[in-house]
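The values are calculated or read from the model by the stated rules, or taken from the named source; none is laboratory data. Here the structure is a predicted model, which means the values were calculated and not measured. In this analysis, Cβ positions are derived from the backbone assuming ideal geometry, glycine residues included, and neighbour counts consider all displayed protein chains. For accessibility, only protein heavy atoms count, side chains too; no ligands or nucleic acids. Shrake-Rupley method; radii C 1.70, N 1.55, O 1.52, S 1.80 Å.
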Amino acid sequence: MAQLVAVTACPTGIAHTFMAAEALRRAALAAGHHIRVETQGSVGTADALSAAEIAAADAVILAVDVRVDETRFAGKRIIRAGSQDAIRNAAGLIAQAGGSAASAAAAPVAGGKKYIIGITSCPTGIAHTFMAAEGLEGGAKALGYDVKIETQGSVGAGNPLTPDDIRRADLVVIAADTNVDLSRFAGKRLYSTGTKPAIKDGAAVIRTAEQQAVLQGGGAVAASGGDYVADAAAAKAAKNAGVPSFYKHLMTGVSHMLPFVVAGGLLIALAFAFGGINAEGPLAQALMKIGGGSGAFGLFVPVLAGYIAFPIADRPGLAPGMIGGMMAIATGSGFLGGMVAGFIAGYFVRWLNQALKLPRTLEGLKPTLLLPLLGTLVVGLLMIFVVGKPVAAALTAATNWLNSMGNSSAGVLGAILGAMMAFDMGGPINKAAYTFSTGLIDSKVYGPIAASMAAGMTPPLALFFATLLFRNRFTKDEQEAGKAAGVLGISFITEGAIPFAARDPLRVIPALVVGSAVAGAISMAAGCLLRAPHGGVFVLAIPGAVTNLPMYIVAILAGTLVSTLMLGLLKKPIPQVAAQVEQNAVATD
């Protein structure tokens, strides 16, 4: 039995962090290993690993999508992966870590074995990315090769390739339907294909790669695809080649901003509940001051900007980013200005850090004096004289348009937001809709966030009911997972639907998208408003948090019903499950 420790973390710190931790615990228990998992979530670090536990560990698993401190694991064997890798392939990670404990004393290089590395990626970064990785890993192992595959999924790179992996590699296989940066593989034999061949027969792809791989030049960016990627999709992928890191930086800012928005929105709702529409009375005014512009709501744009800059430029970017966010508030450009300020601060300070060359004796001045001072100066001036006014004008125009929409126009916007929330369930499209809706709270536009939360709750709720009503469409494992999906659904954790979508994307995703679009449309058309951007059903009981609560409940139930029925229609009965259901029915009779 191996002694293992692990850390899980994701950009939002809400769903994938804890789902990955639970998956690792179950896989370790099934394999007969002992594991302690530390979660770095939206509420801070839970179940923190002690120095003694780390010292006693045979291996460390880092299932993270954000940067974590690895200094405490010095000298330990580390298995790196993304949170989605841990959710989907926890058993494989545990086997890798447990096997490393037994073989740590042995020579790490297997004599004569080829070492294959690769990257998989698809446009949505959800299903095909991980299925292709599994295909390549299985194919390489079947051929007797060692293998490591990096997945470039919806939350960034999982199981990232290290410089040592690339140096040791005999062959590089790229199974991608998007453009992948190949500059780091200069001088290596490389073969490119799409995800579908890797899913269908990973071993055949490896054999073909051995015969057809070509020596990679420096700095080229290749797009595979052939029959698998339309020209338009390839052009779009080339245009958005830098999106994953941009998305991760934005999500870091959003995850740090979210507690301020939640606390501020609920305190404002309580102020209205206790003091009426004008928040009259000492208690109501105090709650309004704490939650409003002089309290929580006054901080969320600076926090958003600061923590967008932080992962780009590290600590020197934090002060310029937060002060840029303050200038966004001062110029009236709101959360949009805060996002712009964060990226300007991060990339400018990072460039300045690389460009500013000082004698070694003066290097200490850069992070404490020069970078924050010059970064703040440049970002502040740009926000006041260049960025602030045009962004403020755009935000004002968007706010006025949203406030003036009729029921039909509002319904269309709600349907679009709802469809986006369900399309990739926690991926970039989902987060784009959610970030847009959350940011509008600062402008006192509460309809879009109501639609987004209703639409985000329906996918896991629909799967919960579908596994109860249409049991013969789901495996026994899926029926059990449906119960957990129900709990995640009422908590507004859309990611609870991901395992089902990954197994059967062509049937599950359309069913969920239609239901979420219905929920979003009803919510917006009925004029439902939500003053807190999270909390699921638990926030509905707070007085004043939701405007037009009866229709909001109707929106959630209607979206759930539509997706449930569509799942029953689109998914085909599984023969073994159908037979078992019939046997149980006969036994009951």
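Just the accessible area for LYS444, please: 1.4 Å probe, Å², rounded to the nearest 10?
Around 150 Å² of this residue is reachable by solvent.
What relative contact order, as a whole-number percentage, does the stretch 289-426 give when Cα pairs under 8 Å and 6 or more residues apart are counted? Can you show the working numbers first?
On the way: 178 pairs, mean separation 32.9, N = 138.
Relative contact order comes out at 24 percent.
Suppose only helical runs count, i.e. DSSP H with n ≥ 4. What mean residue ellipticity at 222 nm does that imply for the chain under -39500 (n - 2.57) per run, divided by all residues and rounded to the nearest 500 deg cm²/dmol?
It lands at -19000 deg cm²/dmol.
Which FRET efficiency, nearest 0.05, do ALA186 and LEU283 yield, Cβ-Cβ r, R0 60 Å? Walk me through the numbers on the way to the answer.
On the way: r = 66 Å, r/R0 = 1.09.
After rounding, the FRET efficiency stands at 0.35.
Select from ALA454, LEU565, THR8 the residue farthest towards the positive end of the dipole of the chain; place +1 on Cβ of Lys and Arg, -1 on Cβ of Asp and Glu, and compute about the Cα centre.
Among ALA454, LEU565, THR8, the one farthest towards the positive end of the dipole of the chain is THR8.
Quick one: which of LYS148/LYS248; LYS200/LYS572; LYS188/LYS366; LYS114/LYS248 span more than 31 angstrom between C-alpha atoms?
Numbers: LYS148/LYS248 23 Å; LYS200/LYS572 21 Å; LYS188/LYS366 38 Å; LYS114/LYS248 34 Å.
In this structure, LYS188/LYS366; LYS114/LYS248 exceed 31 Å between Cα atoms.
When the solvent-accessible surface of protein heavy atoms is calculated with a 1.4 angstrom probe, in what order do MET326, MET453 fall, highest first? Provide the component values of the computation, followed by the final result.
Working: MET326 95, MET453 0 Å².
Heavy-atom accessible area, descending, gives MET326, MET453.
Write down the accessible area per residue of the chain in Å², having rolled a 1.4 Å probe over the full set of protein chains.
Accessible area per residue: 43 Å².
Shape verdict for the stretch 376-527, please, from the Cα gyration tensor: rounded (a/c under 1.5), prolate (a/b greater than b/c) or oblate.
It is prolate, given that a/c is not under 1.5 and a/b is the larger ratio.
Starting with the highest mean, order 259-268, 44-53, 279-288 by the number of other Cβ atoms within 10 Å, averaged over the residues of each peptide.
Sorting 259-268, 44-53, 279-288 by mean packing, highest first, produces 259-268, 279-288, 44-53.
For TRP351, tell me the accessible area in Å² from a 1.4 Å probe, rounded to the nearest 10.
In the full protein context, TRP351 sits at about 140 Å².
Roughly speaking, what is the stretch gain from ARG25 to ARG315, that is 0.36 nm per residue apart minus the C-alpha to C-alpha distance, in nm to one decimal?
The span from ARG25 to ARG315 would gain 101.0 nm if fully extended.
Which value results when the Cα radius of gyration for the stretch 1-81 is divided by 2.2 N^0.38 Å?
Against the empirical 2.2 N^0.38 Å value, I get 1.01 for the stretch 1-81.
Identify, among PHE18, ALA51, GLY32, the residue whose Cα sits farthest towards the positive end of the charge dipole of the stretch 1-99, taking +1 on the Cβ of Lys and Arg and -1 on the Cβ of Asp and Glu, with the dipole about the Cα centre.
GLY32
By the gyration tensor of its Cα atoms, with a ≥ b ≥ c the square roots of the eigenvalues, what is the shape of the chain: rounded for a/c under 1.5, prolate for a/b over b/c, or oblate?
It is oblate, given that a/c is not under 1.5 and a/b is not larger than b/c.
What FRET efficiency would be calculated for the residue pair LYS76, ALA273, taking the C-beta separation as r and a Förster radius of 41 Å, to the nearest 0.05?
That gives a FRET efficiency of 0.20.
Would you work out if the stretch 128-198 is rounded, prolate or oblate? Take a ≥ b ≥ c from the square roots of the eigenvalues of the alpha-carbon gyration tensor; rounded if a/c is under 1.5, else prolate when a/b is larger than b/c, oblate otherwise.
rounded
I need the calculated FRET efficiency for the pair TYR347 and LYS476, taking r as the beta carbon distance and R₀ as 56 Å, to the nearest 0.05.
It comes to 0.65.
If we count every other residue with Cβ under 14 angstrom of ARG531's Cβ, Lys/Arg +1 and Asp/Glu -1, where does the sum land?
Taking every Cβ under 14 Å from that of ARG531, the sum is 0.
Sum up the charges of everything whose Cβ sits under 12 Å from the Cβ of ILE312, counting Lys and Arg as +1 and Asp and Glu as -1, but leave ILE312 out.
Summing Lys and Arg as +1 and Asp and Glu as -1 gives +3.
If the only charges are +1 at each Lys and Arg Cβ and -1 at each Asp and Glu Cβ, what is the size of the charge dipole of the chain around the Cα centre, to the nearest 20 debye? Don't skip to the end; give the middle numbers.
Details: 42 positive and 34 negative charges, 152 e Å.
Roughly 740 debye for the chain.
In whole angstrom, how far apart do the alpha carbon centroids of the stretch 344-397 and the stretch 415-453 sit?
30
Among DSSP beta bridges lying fully in the chain, give the percent that are antiparallel, nearest 5.
Taking every DSSP beta bridge with both residues in the chain, the antiparallel ones total about 30 percent.
Under a point-charge model restricted to the Cβ atoms of Lys and Arg (+1) and Asp and Glu (-1), what is the dipole moment magnitude of the stretch 424-575 relative to its Cα centre, in debye to the nearest 20?
Working: 11 positive and 7 negative charges, 54 e Å.
Around 260 debye, computed over the stretch 424-575.
Which value, in debye to the nearest 20, describes the size of the charge dipole of the stretch 1-79 about its Cα centre when Lys and Arg Cβ atoms bear +1, Asp and Glu Cβ atoms bear -1, and nothing else is charged?
Roughly 120 debye for the stretch 1-79.
Run the accessible area of the stretch 368-487 with a 1.4 Å probe and give the carbon-and-sulfur part as a rounded percent.
Values: 3440 of 4840 Å².
Answer for the stretch 368-487: carbon and sulfur cover 71 percent of the accessible area.
Net charge within 10 Å of GLU70 by Cβ-Cβ distance, Lys/Arg positive one each and Asp/Glu negative one each, not counting GLU70 itself?
So the environment of GLU70 carries a net charge of +3.
Work out from phi, with θ = phi - 60° and the Karplus expression 6.51 cos²θ - 1.76 cosθ + 1.60, the ³J(HN,Hα) of each residue of the stretch 197-214, listed in order in whole Hz, and give x for Gly and Pro.
x, 5, 5, 5, 7, x, 5, 5, 5, 5, 5, 5, 4, 4, 8, 10, 4, 10
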